[in-house]
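Q: One structure, pasted below without further comment.
The values are calculated or read from the model by the stated rules, or taken from the named source; none is laboratory data. This is a predicted model, so every value here is computed, not measured. A quick note on method: Cβ atoms are made from the backbone with ideal geometry, for glycine too, and the neighbour counts reach across all protein chains shown. For the accessible areas, the whole protein counts, side chains as well, though only heavy atoms, and no ligand, DNA or RNA atoms are used. Shrake-Rupley method; radii C 1.70, N 1.55, O 1.52, S 1.80 Å.
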Amino acid sequence: MKEQATALSVYNTLSGTKESFKPLNEGFVGMYVCGPTVYSNVHLGNCRTFISFDLVYRYLLHLGYKVRYVRNITDVGHLVDDADQGEDKIAKKARLEQLEPMEIVQMYTLDFHNVMQQFNALPPNIEPTATGHLIEQIEMIQDILDNGYAYESNGSVYFDVEKYNEAHPYGAVSGRKIEDLIANTRDLDGQDEKRAPLDFALWKNAAEEHIMKWPSPWGLGFPGWHLECSAMSTKYLGETFDIHGGGMDLKFPHHECEVAQGTAANGSTPVRYWMHGNMLTLNRKKMSKSTGNSISPDELFSGTSDLMEKAFDPMVVRFFMMQAHYRSTLDFTSEALAAAEKGHERLMEAISTLQSLKASNESTADVPSLVNAFYDAMNDDFNSPILVSQLFEAVKLINSVRDGHASLTEADIDLLSTEMAAFVYDVLGIRPAEEKGETRLSPVMDLILDLRKQARENKDWATSDKIRDGLSDAGITVKDGKEGTTWS
Ligand code: AMP
Ligand code: ZN
């Protein structure tokens, strides 16, 4: 473990303050993040949340923790209207596209993995699926029933929120009071299976036409949306574990229900540090597929979105996200991305310059303090924008040593090289240029695009089209914009 690990503080949604981070077991962190519901392609908003927790995971690893990172795949039970109403999103998509539900699941799980890999997000240690854990979910419902916090109604099982609240406060994660929640819910219409409007489904009885259903002690049905995360986190991380993350929009009802389920089943609160990432916005509104206010990673990387002036490299997009703190909202604009692109380039150039700096007998700057500032930033609740600003202090220093206005000893150059590589590549997760193959490809692409330009100047459209189509077959997109031709 690095000595800096003792100074890490984490904002805990439960207390509403930053707390000194002390995991349950020394040197080991159990971390669970709610994964995607795989019924459509992920949009950039989803990606932001997963990239935020990738940063958390990476920094914990950098500090020397052994981390068991669990992120689920929701492949059932997430209903269209809210947790209890409507059709299963995956089943609906399967019906519309005339595919098996598991074909939908496979298609969008592969897409999700592909996008996460492009963003250089590390895979979790365990990626469990809801359909793979029906036995655990049924067992957990049974425990909650046995402990008196749930009731069966018409082949469904509901969590009794008011009964639970008599023994344990309901609303701790989202900062809500049960009286307000009750006042703001619609009355039941008499046909409802539930005893009270706040009660939520642990198991739903499946109608005849429902395709995704399983046998249970209560009949054929399917699990409620909130249950899978409780069942899988308990299975892989224990009844109480260190970190649970997800987007802010999951605080209520999803995470509130998870706390209630875990406590009702096991008698102890499941999570010690609740962490919530803030939203990515577009036109200052939450990015969301259902409202159409969204952009897909593919559109962004290929430059095919009308909202963007050109294509952007996944590492530029990642760097853009790192320039905001995970608890702040971040607005997505073409200009902000263009600025991030310049910043990313300056940073990468400085890292390369650092390798060829000439050492002096004396340093004119305090490199150990600068490196400490990298740790201080990340130890302050993973403050990546402060880290980035400290990295740019290093860039300034490197450039002034290169220009002969400052000097560094061999030891300081080595320290800065090691720590900059660690923080840029390992912690921020920016892929080194060599790994992207860009350094090898760039001169070749310059040559090809130059030939294409000449062909166009000569009005030799056949050759120019042949070049573009050939590149396209090779997976390279060429885009002609105001600022010239770009490729990705
Ligand atoms: P879903 O598949 O809808 O359950 O969402 C997967 C994850 O993406 C959840 O953690 C959400 O909180 C998160 N998410 C959804 N929209 C956004 C957004 N606009 N910005 C950041 N995270 C989001
Ligand atoms: Zn969840």
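Q: Let me check something: with ligands and nucleic acids excluded, how do LYS194, LYS453 order by accessible area (1.4 Å probe), largest to smallest?
A: Details: LYS194 35, LYS453 120 Å².
Highest to lowest solvent-accessible surface, that is LYS453, LYS194.
Q: Here's a follow-up. Probe 1.4 Å, all protein chains in place: accessible area of LEU250 in Å², nearest 10?
A: Surface open to solvent at LEU250 totals about 40 Å².
Q: Still on this model: Can you give me the accessible area per residue for the chain, using a 1.4 Å probe, in Å²?
A: On the way: 22170 Å² over 488 residues.
Each residue of the chain exposes 45 Å² on average to a 1.4 Å probe.
Q: Assuming R0 = 41 Å, can you tell me the calculated FRET efficiency for the pair ARG195 and GLU239, based on Cβ-Cβ distance, to the nearest 0.05?
A: Values: r = 27 Å, r/R0 = 0.66.
Working from the Cβ atoms, E equals 0.90.
Q: Moving on. Run the accessible area of the chain with a 1.4 Å probe and give the carbon-and-sulfur part as a rounded percent. Working shown, then result.
A: Numbers: 10570 of 22170 Å².
Using a 1.4 Å probe with all protein chains present, the chain comes out at 48 percent carbon and sulfur.
Q: How large is the dipole of the chain about the Cα centre if only Lys and Arg carry +1 and Asp and Glu carry -1, each at its Cβ, rounded to the nearest 20 debye? Write out the running numbers ahead of the final one.
A: Working: 46 positive and 72 negative charges, 169 e Å.
Using only the charged Cβ atoms, the result is roughly 820 debye.
Q: Rounded to the nearest 20 debye, what is the charge dipole size of region 1-55 about its Cα centre when +1 sits on each Lys and Arg Cβ and -1 on each Asp and Glu Cβ? List each step's numbers first, then the result.
A: Details: 4 positive and 4 negative charges, 24 e Å.
The calculated dipole for region 1-55 is roughly 120 debye.
Q: With the Cα gyration tensor of region 3-277 giving a ≥ b ≥ c as the square roots of its eigenvalues, does the rule (a/c under 1.5 for rounded; else a/b larger than b/c for prolate; else oblate) give rounded, prolate or oblate? The partial results should precede the final answer.
A: Working: a/c = 1.86, a/b = 1.23, b/c = 1.51.
Here region 3-277 falls in the oblate category.
Q: Starting from the Cα-Cα distance between ASN125 and ASN147, subtract it from 0.36 nm times their residue separation and give me the gain in nm to one decimal. Could the numbers behind the result be given before it?
A: Values: separation 22, 0.36 × 22 = 7.92 nm, distance 3.21 nm.
Value of the extension gain: 4.7 nm.
Q: Assign one of three labels to the chain, namely rounded, prolate or oblate, based on the Cα gyration tensor with a ≥ b ≥ c the square roots of its eigenvalues; rounded applies when a/c is under 1.5, prolate when it is not and a/b is larger than b/c, and oblate otherwise.
A: It is oblate, given that a/c is not under 1.5 and a/b is not larger than b/c.
Q: Can you compute the FRET efficiency between GLN98 and LEU451 using 1/(1 + (r/R0)^6), with r the Cβ-Cβ distance and R0 = 41 Å? Round to the nearest 0.05. Working shown, then result.
A: Details: r = 46 Å, r/R0 = 1.12.
After rounding to 0.05, the efficiency reads 0.35.
Q: Below 8 Å between Cα atoms, with a sequence gap of 6+, how large is the relative contact order for region 3-277 in percent?
A: Details: 457 pairs, mean separation 63.5, N = 275.
The value is 23 percent.
Q: Quick check: the distance between the Cα centres of region 223-294 and region 125-146, to the nearest angstrom?
A: That distance is 16 Å.
Q: Could you work out the local net charge near GLY238, counting Lys and Arg as +1, Asp and Glu as -1, over the other residues with Cβ closer than 12 Å to its Cβ?
A: On the way: positive: ARG68, LYS235, ARG272; negative: GLU239, ASP242.
Here the count lands on +1.
Q: Further, regarding this structure: Roughly how many debye, to the nearest 20, is the charge dipole of region 84-226 about its Cα centre, given +1 on each Lys and Arg Cβ, -1 on each Asp and Glu Cβ, and no other charges? List each step's numbers first, then the result.
A: On the way: 12 positive and 25 negative charges, 65 e Å.
With Lys and Arg at +1 and Asp and Glu at -1, about 320 debye.
Q: Same structure again: Pick out, from PRO101, MET308, PHE53, the residue whose Cα sits farthest towards the positive end of the charge dipole of the chain, with +1 on the Cβ of Lys and Arg and -1 on the Cβ of Asp and Glu.
A: Farthest towards the positive pole: MET308.
Q: Follow-up. By DSSP, what percent of the beta bridges with both residues in the chain are antiparallel, rounded to the nearest 5? Numbers along the way, then the final one.
A: Details: 25 of 47 bridges.
So the antiparallel bridges in the chain amount to around 55 percent.
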